[in-house]
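What follows is a short report on a single structure.
The values are calculated or read from the model by the stated rules, or taken from the named source; none is laboratory data. Note that this is a predicted model, so its numbers are computed, not measured. Glycine gets a Cβ as well: all are built from the backbone with ideal geometry, and neighbour counts include every protein chain shown.
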Amino acid sequence: MPPTLKISSGLALCLALAACSEPPPPPPSGPTVNSAAANEAIALFDQARAEGRGQLARAYAQDILAKYPGTEAAAKVQAAMAEVETMAAADRERTRLANLWVYHAVGEVKGTTYTAFMYEAESTQKPREERPQLVLRRHPEWGQNVYILLPGGRIACGARCNVNIKIDDANPVRFEASQPEGAPVPAMFIEEDRRFFETLKTARWIEIEVPIRGGKQNLRYEVGGIDLARMGPEVSARRPRG
């Protein structure tokens with residue numbers, strides 16, 4: 001074999017051996033990117049948990065488990081899921097209770113009238129216009145009022161009466177009440193409005209015994225979601241109502 005051919009063959013063999021001994025190429029950088037994104041997502045998850053925002057934390061958790069399985073972030077989320085599900089359920093319940101109340105603020109010449117009302121809990125099968133309502137009102141002239149509207153009812157309280165009001169599981173307590181004359185919808189005012197407002201701060205359920213012709217009617221209200229801050233400033237004194 002000519003010397004030139006021998007050199008070429010040897011060079012080819014050396015190059016082949018060198019190629020075989022080279023390390024494999026590095027893995028793609030995708031997992032590193034995913035890990036960074038997962039760390040960002042877990043930070044948002046931790047923040048939502050710390051702020052007590054259960055439903056938001058649950059949404060972040062589900063997103064992390066779907067997008068970044070097998071990461072440390074996914075493992076951390078999985079370990080906390082029971083707690084997060086409990087928080088989310090509590091969030092949903094708070095939202096449900098809050099949505100039972102309807103608020104209005106109407107500006108008038110002498111100030112703003114704030115009202116909040118809710119429908120009676122056991123009357124869900126009736127049309128709204130027929131359902132008994134619990135109404136709270138703070139009026140710039142008439143002061144603070146609490147009253148029941150009983151469409152189609154025959155309230156028998158008169159100028160003054162005493163009614164039993166049951167707060168959660170406690171024994172019923174007596175409240176003074178009155179029945180306005182000429183109301184377009186049968187109504188009964190709870191005269192001890194300040195006492196009633198104080199009760200609302202801690203009560204979950206309130207049951208009011210309304211005297212009607214021929215007997216009594218119990219009205220149940222799930223009041224636990226009231227936001228008294230939306231009722232405007234407290235009224236300093238009661239004044240004649242209209």
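Worth pointing out:
- Looking only at region 96-118, and only at residues there that are out of contact with any strand residue (DSSP E or B) (no Cβ under 7 Å at 6 or more places or on another chain) and without any contact (Cβ under 8 Å) to a residue 40 or more places away in the chain, the one that is surrounded by the fewest Cβ atoms within 10 Å (Cβ to Cβ): Val109
- Across region 60-82, the number of residues qualifying as surrounded by fewer than 20 Cβ atoms within 10 Å (Cβ to Cβ) and touching a Phe, Trp or Tyr at 6+ places or on another chain (Cβ under 9 Å) comes to 4.
- Restricting region 219-235 to residues that are part of a loop (DSSP other than H, G, I, E, B) and either modelled with pLDDT of 95 or more or among the charged types (D, E, K, R) (or both), the residue that is nearest to Val163 (Cα to Cα) is Val223.
- Pairing each residue of region 74-94 that is on the phi < 0 side of the Ramachandran plot and aliphatic (A, V, I, L, M) with any residue that is loosely packed, with under 15 Cβ neighbours inside 10 Å and not in a helix (DSSP H, G or I), provided the two are 6+ apart or on different chains, yields C-beta distances under 9 Å for Met87/Gly52; Ala90/Gly52.
- Checking each residue in region 156-169 for being within 22 Å of Trp205 (Cα to Cα) and surrounded by 19 or more Cβ atoms within 10 Å (Cβ to Cβ) picks out Val163, Ile165.
- Among the candidates Pro151, Pro127, the residue that is touching an Asp or Glu at 6+ places or on another chain (Cβ under 6 Å) and over 22 Å from Leu228 (Cβ atoms) is uniquely Pro151.
- Positions within region 124-145 being buried (at least 19 other Cβ atoms within 10 Å of the Cβ) and closer than 20 Å to Glu198 by Cα, in sequence order: Gln133, Leu134, Leu136, Arg137, Arg138, His139, Gln144, Asn145
- Residues (closer than 27 Å to Gly224 by Cα and among the aliphatic types (A, V, I, L, M)) located in region 39-80: Ala48, Ala50, Leu56, Ala57, Ala59
- Only one entry of Arg137, Arg131 meets the criterion of being within 15 Å of Gly232 (Cα to Cα), of a type outside the set (Asp, Glu) and without any contact (Cβ under 8 Å) to a residue 40 or more places away in the chain, and that entry is Arg137.
- Hits in region 191-218 (condition: of a type in the set (Asp, Glu) and in a loop (DSSP other than H, G, I, E, B)): Glu191, Glu192
Conditions tested, residue by residue: (1) within 18 Å of Glu122 (Cβ to Cβ); (2) in contact with an Asp or Glu (Cβ under 8 Å, 6 or more places away or on another chain).
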site: Ala170; (1), (2): no, no
site: Ala177; (1), (2): no, yes
site: Pro180; (1), (2): no, no
site: Phe189; (1), (2): no, no
site: Arg195; (1), (2): no, no
site: Thr199; (1), (2): no, no
site: Arg204; (1), (2): yes, yes
site: Ile208; (1), (2): yes, no
